[in-house]
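Engineer: Provided herewith is a single structure, encoded as structure tokens, for subsequent inquiry.
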Amino acid sequence: MDYIGAMTDQMLVFDRQQVRRNRDRAAPGFADHDFLKREISERVADRMGDIQRQFPRLLDLGCHSGLLRDSLDPRLGVEWIVGMDPSEQFALQAGKHGPAIAAEEELLPFAPASFDAVVSALSLHWVNDLPGALVQARQCLKPDGLFLGAMLGGETLHELRAVLTEAESDVLGGAGPRVSPFAELQDAAGLMQRAGFALPVVDSDLLTVTYENAFLLMRELRGMGEGNAVAARRKTLTPKSVFLRAAEIYQQRHGTSDGRIAASFQILYLTGWAPHASQQKPLRPGSAAHRLSDALGATELPTGEIAAPGRKTP
């Protein structure tokens, strides 16, 4: 296993060294906190199973301990899986079951057209240059190869973000970023198009998980390797009183009927294909064989407006 570092990026939203440290620390005990990775890996594998194709060579981008391998249906025809993770410790774990390397998503060490599918479950939300990472994922796909990524979206941990900000303001008189900024659903499709994927599709799920208290939620996040790695985070030690205040606010605002607290995880699913001549193309403007007004049962006005039954036009 080799470690391949990424070039310095100008968009330093995240401290990538801290991302690696967080994941390295989480790796030994990850099996106790891997429920979200396991769940999303299964959902990603289910989506692949809905596609009537086989993918002999697959890249597991951000593989963690290699859980995706266990979820793949044999009918997908996967013969060779390469695991890749920014954490050396996770790459070592995944390497027990097949080839794996430690490398950065923004500098993929693979030749063009190396894989039939690139799949990523819960890793890309820590990438500084997400458009660039998506471009590189497309480039290492064979023509008509599949990209399927699942990443945390903008609604993730909105409860925790709010209570930590308020607690720091109450106790310290100001607040620093403590939870990662996540991509929004409406931006994801544009990112896929910008990266050159054909037939891009983006959708989302919202998962709600309950915990006994906010301290157990934060411990779970550390166990997942999802601790704070925002470059602009507060570098000094945070007083315990901040977390006590945050836990109090969390319970008040997001407590459930059984005395627990709720935490949201929004999952964005990004699907696209490396371009190929056989893929469907959008029709040229003016080439439609049927008129929209006929389909709507309406009258087309000279200005191009449509008068539908029961409606008035200006």
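The values are calculated or read from the model by the stated rules, or taken from the named source; none is laboratory data. Source: prediction; values computed, not measured. Methodologically, a virtual Cβ is constructed for each residue, glycine included, from the backbone with ideal geometry; neighbour enumeration extends over all protein chains shown. Only protein heavy atoms, including side chains, enter the accessible area calculation; ligands, DNA and RNA are left aside. Shrake-Rupley method; radii C 1.70, N 1.55, O 1.52, S 1.80 Å.
Engineer: Is region 180-239 best put as rounded, prolate or oblate by its Cα gyration tensor, with a ≥ b ≥ c the root eigenvalues, rounded for a/c under 1.5, and otherwise prolate when a/b is larger than b/c, oblate when not? Walk me through the numbers before you get to the answer.
Structural biologist: Details: a/c = 3.61, a/b = 1.78, b/c = 2.03.
It comes out oblate by the Cα gyration axes.
Engineer: Going by the alpha-carbon gyration tensor, a ≥ b ≥ c the square roots of its eigenvalues, is region 85-237 rounded (a/c under 1.5) or, if a/c is not under 1.5, prolate (a/b greater than b/c) versus oblate? Before the final figure, lay out the partial values.
Structural biologist: Details: a/c = 2.17, a/b = 1.69, b/c = 1.28.
Note, shape of region 85-237 comes out prolate.
Engineer: What percentage of all Cα-Cα pairs in region 35-120 are separated by more than 19 Å?
Structural biologist: Working: 1219 of 3655 pairs.
Percent of Cα pairs beyond 19 Å in region 35-120: 33.
Engineer: Can you check what the net charge comes to around Asn22, using other residues whose Cβ is under 11 Å from the Cβ of Asn22 (Lys, Arg +1; Asp, Glu -1)?
Structural biologist: Values: positive: Arg16, Arg20, Arg21, Arg23, Arg25, Arg222; negative: Asp15, Asp24, Glu226.
Here the charged neighbours net out to +3.
Engineer: How charged is the neighbourhood of Leu36? Take every other residue with its Cβ under 10 Å from the Cβ of Leu36, and add Lys/Arg as +1 and Asp/Glu as -1.
Structural biologist: Numbers: positive: Lys37, Arg38; negative: Asp34, Glu39, Glu220, Glu226.
With Lys, Arg at +1 and Asp, Glu at -1, the neighbours total -2.
Engineer: Binning at 10 Å from 0, report for region 17-61 what percent of all alpha-carbon pair distances ends up in each bin.
Structural biologist: In order of increasing distance, the bins hold 21, 38, 28, 12 percent.
Engineer: Sticking with this structure for a sec: Just the number please: accessible area per residue for region 29-150, 1.4 Å probe, all protein chains included, in Å². Spell out each step's value before the answer.
Structural biologist: Working: 4450 Å² over 122 residues.
So region 29-150 comes to 36 Å² accessible per residue, rounded to a whole number.
Engineer: Counting Lys and Arg as +1 and Asp and Glu as -1, what is the net charge of the other residues whose Cβ lies under 14 Å from the Cβ of Met192?
Structural biologist: Numbers: positive: Arg138, Arg194; negative: Glu184, Asp187, Asp203.
Within the 14 Å Cβ shell, the charges total -1.
Engineer: Let me ask something additional. Please work out whether region 61-173 counts as rounded, prolate or oblate from its C-alpha gyration tensor, where a ≥ b ≥ c are the square roots of the eigenvalues and a/c under 1.5 means rounded, while otherwise a/b larger than b/c means prolate and anything else oblate? Kindly include the intermediate steps, with their values, before the conclusion.
Structural biologist: Details: a/c = 2.28, a/b = 1.97, b/c = 1.16.
Prolate, since a/c reaches 1.5 and a/b exceeds b/c.
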